[in-house]
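What follows is a short report on a single structure.
Values in this text are rule-based calculations from the coordinates and carry no lab data. From a predicted model like this one, the values you see are computed outputs, not experimental measurements. No Cβ is skipped: glycine too gets one built from the backbone with ideal geometry, and neighbour counts run over all protein chains shown.
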Amino acid sequence: MKRIFLCTLMCLGTLLQWHLSFAQTTVNIPLSKDAYLVSGSPSSNYGNSEVLVAGSKDVRVAMFRTAIQVDLTSIPENAVISSAKLFLYKHTGYTTSGNEDFLLERFESSWSEASISYSNQPRTDGTTIKLLEKANGLYSFDITSDVINMYNGTQVNYGWLLRAGNETVNYSEEYFYSKEYKSAPFRPYVEVVYSSPFIVADAVINHATDSTTNDGSISPDISGGSGNYTYSWIEGSSGSNLGSSASLNGLSSGWYGVHVTDDSTSEELYMAFIVGAKDGEFTVDFNPGPNYTDDAMIYDLVRNGVDYGENNYGTYSLFRAENWTYGSWYDSRSLLKFRLWMDPTFNINKADLYLSGYDHYPLSRPNTSEFRKIIEPWEENEVTHYSQPTIGSTPLEVLSATPQGNENKVVDMRSFWDEWALSNTENYGVMFQLQLYNDQYTRMKYYSSDAADPATHPWMKFELAIPVSASWNDSTELGEVQVDISSLSTTGPYHYMISRVPIADLSETYSYMIDSIGMPVDSVQFFTGNSASNTHIFSSVVAGTHFVAVFDANGNRILDQTVDVYGDLTLESGSTGLESMKNTIRANSGGIGVGSVELYTVQGDDVGFVAKLDPLSASPQFIGFAGSTIQVDSYTDLEYGIYFDGTSVRTIQSGSLSAPLSINFDVREVQFQVVDDVLTMKANQQLLVTKSLPTEYTYKLGVGIQDGASITMMNFNLLPFMHEIVTYRFRPNVIRHLNCGGDQTAIISFSVASSNNTSQFTYSVTHQETGLSAGSGSLFFNSSATPITSFTNGTPLLPGIYVVEYVYSGQTYTGEIDLGYEAFWEQRDPEYMEVPNTYSLLVSGHDELTFLGALSKNIIRHDQEGWVEFTTVLMNDDELSMFRPTTLNPNSSPYSMAILTEEFASFFKMSVFNNYYWSQLFSPSQGYSSYMSLNDNSRIRVKFTTSGGGSGNGEIFLYENGVLKEKVDRGNSATVARFTSILNGDGFRDVITSFPCPQPSLMYGHLKYSLDGFYHIMNEGQIRFVFDQEYDADDLKFNIYNQNDELVKTQADYPALATTYGDNYLEIDVSTNGYCIGRGFFYLEVINSKKEKLYMRFFNNYTSEFCTDYINANQSND
């Protein structure tokens, strides 16, 4: 089993602003759009002109303005912009005025270079930027503030309007070269000076399985600097050298440090990481020394004309807070931060800071001190009193007063580390200061990390636990999420929840259920919780990011984390310049890295993924599908994909590029999804192309990534992830289900897909309940089996589960085909559309927030076992869809739809509330039962039994994708399947059930001239049927056969059944000695007065202690 990437949303893409220096870069960015505007030709466009003009020639004839815009997307993410200037070259081919009164104004809306004119120019916001300088024909404007705001997203980049400051002055125009000018050096540009922080941008930490296993790993993602990186690792507690690889594997719990330098040797950083153990609480002594600790003293002394407040004391050996005098009163403070990546998944049970005291002196008053949170970045070797960062308004921790001397301190810093772990980007350490500065002699002093004796350095003792962890199973392509809250020291019972979207508070959900749905929910039961255990496992978790929450017995949230569940991405052989880091692929050498990933999709898959790009390079990059046997060396090897180069976005089909698409080309996210063999590709949520795929295909993922960039593969919210190479993938295919009328023959088939095998295998198909064979033979992988319409004995297929066993190379595998009755609707609102040939319900054209409903004719008797299956379709952010087994009168014989009552005997619902998908089971006998997460687009099975449960009436089980989620007691009433939805696009897909529709009497079966797949279930030891006597009264002649066509009983074995003219409701008692036939499938043959034979297939669902004389000759029925 491969290791998985476990992280949280807070650590994805976080930037720890710990760096010693910045790499400064200057870029000249050409204008992306420019055009001049003329009042004398107000409708004319000059977007292709080689000149730009601003000012007035003659205000009565022509006033000139110029529109300009620059694309800033080539500036890398996380850059710190220090300067931005617009430069325009004066055109030497025109006589110019020498006017220096020019200014820029920001546009308020977008415009097109090809259509802008004086009459349709956008409005400006009135803010002006004056000409900065004119030297040697080069005009410049300082647009730093605008560019910073546009880059950060706080201001929309619509560009600027260039105009004369006074447009009423004649002959004040000036001419400039445009971006279309033939000589590139004279074209206008924006010069941007920015610095790239040399930082750990992200890190993937896999924690050790337990305290004795060395299977942890650390993979940091370094950003900034220049050229290639050099790594040097140490084991923290011993300081021993662990090598120079980019990542570490085979680690036990503890702390580890890395020193990274770049090619310039001017850039370096230090960072420490903690690897935990998943089997319980663990302790880490973090004693890092000066390389992994930043501390500095600052003070404001001015003496003999020297201002010491301007000096930096980053190498000072003491860490002090002081109010003293040295010619004049001064204050001193100290700053402290540890260069430590704190994994947000940790529960921090202890975080004690150990300080070694030196020369405390509370001379005039107590030296009580405090730590306050620093909320701005600072540099150890740069910070001074005058450049000190802003701090929080309240203390994090108070350090009690000490006597004179060298008293040591242990400070509880959990509040600080808890905050830091939630947002590593905002950790800037703490400020150590006196609680009061009032010109009275007092001080508190400790050794800093620069003290000569390492034993005196500040250090941390952590006691940590990992409450949420995950594992991945490559064979099932599903994960498991484990939750352990034993370290939280709270009392249960608890609610454990997992969801693909954020989880609402219980109070919000309770209000929603009561006020919006009108559910009879017991508040005591709802908030009490339903699990007494302090551990919980969520199984069969699909790939992706999941939210995990735990609530205590009072409904309070005691845990809120996210967990990423993925297998490792594996690069295929032949890939060059690429490396994988869990669910991220990145380039690791100069130029572009190309290759393919072991992620596949084959015909019949419904898959999807999101690829997050970081950063966007101006050089070409691509991602998409390639044939399974293709070596991917460039975009021309892709069958379908997306190509982007910093100036345009194009789609790829059969290795060819489309024309540039009209889209914001700052592509940060692309989506691929395949549904019903139709591929959809999007960039930044904008649809690019929809394409039907071939009848048979196997595609793998191909990528091309520029040096320094990466692609992170995330799960598409509604679809399964692409899969790795699999040996076999079973694909059931129900070509046609049974129908309510019993006159539709069922047809089933299947195929077994393989990514790398086209050989032949053998198979057999068996009806699980009866053991009847539905066929056997041999089949090639990726081919469909011959459609099956009957059992091998010629009997039409029955509803139920068909088990397919297929054997290859001596290994047996199994698959399952679920065959049922199509849901047939007794009542249905017109806007609750029945999708043709799919037995699906979807809301369409509904404009009110009211429920639409549909009732099935398929009746679920209270004494009958079976199931209902459907796939959820939730397309909206806030909606409700419900499946309700809705009660019928149990005393009615025969049952009638007309006596439907709205009693919530039991019901299941799937809803999304506050972006959280959830479901609940409810019954009057148990009240609230469960509150859990279900994934949209899941296959749901609701199974009904006739035994067990607290009431003895049976139970209702809820399965999601084959995994049991919850169960409740069953009532003693017959029910029908009722479906309800509200918003357009929502509903239920592929609704089938093992329950048939009723005949005129639910309890009395109808005879037919031939047998088909339809059957009745007979309970209580009575075979009930309706016989239409067309002639005079007579005793009925009949035979009973088992499923093997063997005669079991005749009319001679029972008391005579007298009939009269017309419909006769008859019963054959098979519940006592001499009359018993056993439990299983049978059919009744009736011979009427015309010697015609009529038939009824039935399942005798009865066994009794009174049938001891019956020796079951039909063991396969049981």
By how many nm would the segment from S393 to K350 lengthen if fully extended, with 0.36 nm per residue of separation less the alpha-carbon distance? 13.0 nm
Going highest first, how would you order 120-129, 172-181 by mean Cβ packing within 10 Å? 172-181, 120-129
Hull volume in cubic angstrom per residue (convex hull over the Cα atoms of region 22-196): 110 Å³
Collect residues whose amide H, placed 1.01 Å from N in the peptide plane, falls under 5 Å from the amide H of F791; neighbours closer than 5 in sequence don't count. L797
Semi-axes a, b, c in Å (a largest) for region 176-327, each sqrt of 5 times a Cα gyration tensor eigenvalue, come to 39, 33, 13
Residues E1046, E865, E822 arranged by fewest to most Cβ contacts within 10 Å: E1046, E865, E822
FRET efficiency estimate (nearest 0.05) - Cβ-Cβ, I735 to D1035, R0 56 angstrom: 0.80
What the 10 Å binned alpha carbon P(r) of region 192-235 shows, as percent of pairs per bin from 0, is 21, 40, 24, 12, 3, 1
Taking every C-alpha to C-alpha distance in region 1023-1077 and binning by 10 Å from 0, the per-bin percentages run 21, 51, 25, 2
Please enumerate, by chain and number, the lysines with C-alpha under 22 Å from the C-alpha of K57, excluding those fewer than 8 residues away in the same chain. K90, K130, K134
Can you tell which of T390, A452, S400 lies farthest toward the positive end of the dipole of region 338-463, using +1 and -1 charges on the Cβ of basic and acidic side chains (Lys, Arg; Asp, Glu)? S400
Which whole-number value in Å³ per residue fits the convex hull of the alpha carbons of region 757-830? 139 Å³
Final fewest-first order of V169, V147 on the 10 Å Cβ neighbour count is V169, V147
Set of region 335-350 residues, backbone N closer than 15 Å to the point 7 Å along the Cα-Cβ line of D412: 348-350
Eligible lysines near K943 by straight Cα distance, threshold 20 Å, same-chain separation 8 or greater: K857, K909, K965, K967
Amide H neighbours of M581 under 5 Å, counting only residues 5+ apart in sequence or on other chains, H built in-plane at 1.01 Å? R586
Count charges around V1086 for me, please; just the other residues with Cβ under 11 Å from its Cβ, Lys/Arg as +1, Asp/Glu as -1. 0
Partner lysines for K445 [C-alpha distance under 22 Å; skip if fewer than 8 residues away on the same chain]: K337, K373, K409, K461
Give me the Å³ per residue figure for the convex hull around the C-alpha atoms of region 293-373. 128 Å³
If we sort 182-193, 695-706 on the protection proxy, mean other Cβ atoms within 10 Å, highest first, what's the order? 695-706, 182-193
Estimated dipole of region 22-196 in Debye, rounded to 20 [Cβ of Lys and Arg +1, of Asp and Glu -1, Cα centre]: 240 debye
Quick one: what are the phi-derived ³J(HN,Hα) couplings along region 544-552, Karplus 6.51/-1.76/1.60 with θ = phi - 60°, whole Hz, x for glycine and proline? x, 8, 10, 9, 10, 9, 10, 10, 8
Output ordering of 555-567, 680-692 (per-residue mean of other Cβ within 10 Å, highest first) is 555-567, 680-692
